[in-house]
Amino acid sequence: TQSTWGVLQPNGLMSESQLKHRKQHTDPTTTVTEEPEQLEETKAPVAKLESWTVIDLAIILVLIGCTAYSRFWRIGTPQSVIWDEAHFTKFLTWYFTGHYFVDIHPPLAKLVFAWVLSWTPFKGAEEYQVEWWTSHGFVGTKDWKLLYEDAHHAPYRAIRQTSAVVGTILVPTAYITMRAVGCRPLPALFCAWMVFCDNLITLQSRVILTDVFLYLFIMATVGASFASTNERRTFNQQLPWCFATGIFLGCALSVKYTAFGTFGLVGIHQLLVLLSDLWRTRAFEKVARVAVIKGSIILGCVFFVFFGIWLIHWYILPYHGQGTGFQNELFQRQLVPKLPPSALNNPPDSCPNHLNAMSDCGFGGISREECEARGCCYDPTSPSKWCYHKGVLIPPYMSVFSQIAEILRATWANNQGESLNVHPHMSEWYEWPTMNMRLIPFSHVGANGRLISIGNLFVWWLVLATVVLCTVVAPLVIGRNAFVYPTSGKREHFPFFWTIRFATLWIGYIANLVPYILIKRSKFAYHYIPALEVGCMLTGLSLHWALERSPNKVIRTFLNVIIVGLFIAITWAHWYWGAWTYGYDLTREQHQQRRWFDKWPIY
């Protein structure tokens, strides 16, 4: 039956009309005349799936309740900066002061944090109140410490709670996505539970970091992409999901550039579906028209969202700041200094003219006499080389598109890094699947509590096992049955229904590792989570496929027992290493018991 949620619900047997339609289009002499709206994938029959019911709603509500409790519990602890919160809170204060800055990541999540912060009592410091400082190789402003001053109404709690809300939405989104892929409720719930129980995803959902936004948009993108190719929908009914796919993908790319792995996943998925339609119908022109329409919608939405987010970022940062030096000279001249009210009262043609404080009129070591002979202002306190223009300077014209392009160039260059910047807690991509790697000690909590970037060991190992099994076993099993209907035994000339899903998620897992293989800068354990998410989906799909292909009730019961055992194991692991996720006290011996690998931090 057709699902009201648009989730693929294939029937166990084809009707006579479907069989006739299939026969017609597997005959090479048949002429195809249907419009793109009528293109539908003729697929091998698989076991019947139930439509969405009240059980699905109950599962989603339970997931929301459990996740909200785990994300919000003790979220104000510790009342101090955790790991990269020092960077992101600094960026948020610059949105308040308008200082231009360059981060290695796009700005969507930071803009959301800043919007939430604007609803709190926090007020950004004025330029003359800001104390600039240098520490450990980066420049910041001490006004970010205002976020942590009030113990009861501290703005930092509101920003952490924003992460918690996003992390709470992530888990039911995983369930809905797996139902969109075509899984029954039990495998879909198992995938969502893996996401819920992963300790590193939980920790990222409780601090002022942007990664959890990336995780949510990746999961939503995959679900929307599968919904946009739902064979039970007409072409026109699929188009809104194409818009959703592009919007979610644009949001993911606007959080971190590493979402290009998901960009590849969507591209592969859409391509495989189109090739399947082309193989079945032999209607090249009509399939090409569908490809152009869907591709234009998805890519257009990606560009619109991505460019729009950067436009907002550019618009609210008009003043010189930390990021000035990363840009070319023409872009720098578009920025202006942020001045105290007293400086604005000076005539524009006199000295000091602070409006031109960043416009260099001299050279290193120029004297006052040489500077004044040029008709310029000499000021040893200015950010320029002590000699800058007076009068009104009109910067050379630089279009908005050119400025955004220059921002993207600087951000991308910083994201990639010119060489490896060694960090004591960095790890490599090939260490992540086994979790035999260095973990990040995020923070101390009291005398005996710790926050450490550990994942759920059993979840990570299960994903690794699934990827290996799909790599070795799936081509043999699916390839042997890809063109054979189990009901009729007749060989058909189009791809097997589940092949597209397995191939999409397997390639998506690899694609989300590729960005971290290519970049030179230091990498950390949490960079594995996008690939882990896709691996959890692949695990849920594999369990669904195993249940559906079980030859008898005994085997199916045995598989259900294994699934229940896995539920218990990953839940226990979440609790066991939960002390490092929530920061509650353990004795020294208990900390050491949880250290299963030598690379993990010593208490």
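The values are calculated or read from the model by the stated rules, or taken from the named source; none is laboratory data. Note that the structure is a prediction, hence the values are computed from the model and not measured. As a convention, Cβ positions derive from the backbone with ideal geometry for all residues, glycine included, and neighbour counts pool all protein chains shown. Keep in mind that these areas ignore ligands, DNA and RNA; they rest on the heavy atoms of the full protein, side chains included. Shrake-Rupley method; radii C 1.70, N 1.55, O 1.52, S 1.80 Å.
Ranking LYS553, LYS390 from most to least accessible surface, computed with a 1.4 Å probe over the protein chains only, gives LYS553, LYS390. Taking a ≥ b ≥ c as the square roots of the Cα gyration tensor eigenvalues, with a/c under 1.5 meaning rounded and otherwise prolate when a/b beats b/c, else oblate, which class fits region 250-313? Oblate.
Compared with the direct C-alpha span, the chain from GLU372 to ILE510 gains 43.5 nm at full extension, assuming 0.36 nm per residue.
Within the full protein context, the accessible area of GLU329 is estimated at about 130 Å² for a probe radius of 1.4 Å. What net charge is computed for the residues neighbouring ALA164, neighbours being all others with C-beta under 9 Å from the C-beta of ALA164, Lys and Arg scored +1, Asp and Glu -1? Spelling it out: positives minus negatives among the neighbours equals +3. For the pair ASP598 and CYS66, a Förster radius of 41 Å applied to the C-beta separation gives a FRET efficiency near 0.75, rounded to the nearest 0.05. Distance from the Cα centroid of region 230-307 to that of region 151-189 is 24 Å (rounded to whole angstrom). Students often get this wrong: which residues of region 510-537 have the backbone nitrogen under 11 Å from the point 7 angstrom along Cα-to-C-beta of HIS423? Taking a point 7 Å out along Cα→Cβ of HIS423, the residues of region 510-537 whose backbone N falls under 11 Å are 521-527. Across region 429-436, coupling constants 3J(HN,Hα) worked out from phi with the 6.51/-1.76/1.60 Karplus curve, θ = phi - 60°, read 4, 6, 8, 5, x, 8, 6, 8 Hz, and Gly and Pro carry x.
Karplus-based coupling profile of region 114-123, in residue order and whole Hz: 5, 5, 5, 4, 5, 8, 9, x, 5, 10, with θ = phi - 60° in 6.51 cos²θ - 1.76 cosθ + 1.60 and x standing for Gly or Pro. Is the C-alpha gyration tensor of region 536-586 telling us rounded, prolate or oblate? Criteria: a/c under 1.5 is rounded; beyond that, a/b larger than b/c is prolate, otherwise oblate. Note, shape of region 536-586 comes out oblate. The heavy atoms of THR77 offer some 50 square angstrom of accessible surface to a 1.4 angstrom probe.
Each peptide among 170-176, 222-228 gets the average number of other Cβ atoms lying within 10 Å of its residues, and from highest to lowest they stand as 222-228, 170-176.
In a fully extended conformation the segment linking THR571 and PHE284 would gain 98.4 nm over its present Cα-Cα distance, using 0.36 nm per residue.
With a sphere of radius 13 Å drawn around the Cβ of LYS110, what net charge do the other residues whose Cβ falls strictly inside it have (Lys, Arg +1; Asp, Glu -1)? So the environment of LYS110 carries a net charge of -2.
Amide H contacts of SER443: LEU451, each under 5 Å away and 5 or more positions distant or on a separate chain (H built 1.01 Å from N in the peptide plane; Pro and chain starts excluded). At an R0 of 41 angstrom, the distance between the Cβ atoms of ASN328 and PHE303 translates into a FRET efficiency of 0.95.
Computed over region 203-318, relative contact order equals 30 percent, with contacts defined as Cα pairs under 8 Å that lie 6+ residues apart.
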